[in-house]
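This report concerns only the one structure given below.
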Amino acid sequence: MTGNTNWTPSPEGNKLNISDFDQINQIEAKGIALAELYVFELDSEIKITTQLILEIHRIAFEELYDWAGSWRLSDVVVGQLLPPAPNMVLQLMYQFLDHLNYKIENCADEPSVVDCLIYSHYEFVRIHPFNNGNGRTGRILMNLVAMQLGYQPIDLYHREGDARKIYINAMKEADKGNEKPLADLIRKELIAF
């Protein structure tokens, strides 16, 4: 991976037939901002459901992609990670959200908050329920959870410079079962309202 990626690396045929990566990046960034705004306006007591996750993804990517707001129907490879088969996605998402909502309801202190935020982001990305946009949707989801727990949104990911490499390395370490680098990143950004 390069340190200066500013767009989706392979924009699988978009609805607008745009091939200029900068223009694709701008439209995707606008969609992400709309999805973040949608999440910021939600009731803080909202239960996180599959319908909510699909809606966040749809808002973020609908301007460009037909697959926006739909579970993936094909196998994908993400670096060294081989996400579950597409026929497992819905079942895994239900299990993930049941466990996530349980964790949210039972957060009692900062260590449990950090654990819940790691789970909300990493487990979502590990399942990789969408064709693309999983990391971005996972970060929006993590910020929804942070706000539900009384914390400001976390700026976990930076596209440029060393911060991006640190984030990617933290995710790779989590793939190996070592969540400490990801916990350190989250803890560093954790600010109560």
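In table form, for the structure just shown:
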| item | result |
| --- | --- |
| Test for Ala33: is it within 30 Å of Lys172 (Cβ to Cβ), surrounded by fewer than 19 Cβ atoms within 10 Å (Cβ to Cβ), modelled with pLDDT of 95 or more and not β-branched (Val, Ile, Thr) | yes |
| Boolean, Asn25 is modelled with pLDDT of 95 or more and in a helix (DSSP H, G or I) | no |
| Those helices (runs of 4 or more DSSP H) lying entirely in segment 79-183 with at least 2 residues at pLDDT 95 or above and loosely packed, with under 13 Cβ neighbours inside 10 Å | 89-105 |
| Filter result for the condition that a residue is farther than 22 Å from Lys103 by Cα and not small (Gly, Ala, Ser), over Glu173, Glu179 | Glu173 |
| Any pair with Cβ under 8 angstrom, 6 or more apart, that starts in segment 164-183 at a residue that is within 16 Å of Gly138 (Cα to Cα) and of a type in the set (Phe, Trp, Tyr) and ends at one that is at pLDDT 90 or above and buried (at least 17 other Cβ atoms within 10 Å of the Cβ) | Tyr167/Leu185 |
| Residue within segment 88-100 that is more than 26 Å from Ala29 (Cα to Cα) and acidic (Asp, Glu) present | yes |
| Members of segment 28-78 found to be assigned to a loop (DSSP other than H, G, I, E, B), in contact (Cβ under 8 Å) with a residue 60 or more places away in the chain and touching a Ser or Thr at 6+ places or on another chain (Cβ under 9 Å), listed by number | Ile48 |
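The values are calculated or read from the model by the stated rules, or taken from the named source; none is laboratory data. No experiment lies behind these values; they were computed from the predicted model shown. Methodologically, a virtual Cβ is constructed for each residue, glycine included, from the backbone with ideal geometry; neighbour enumeration extends over all protein chains shown.
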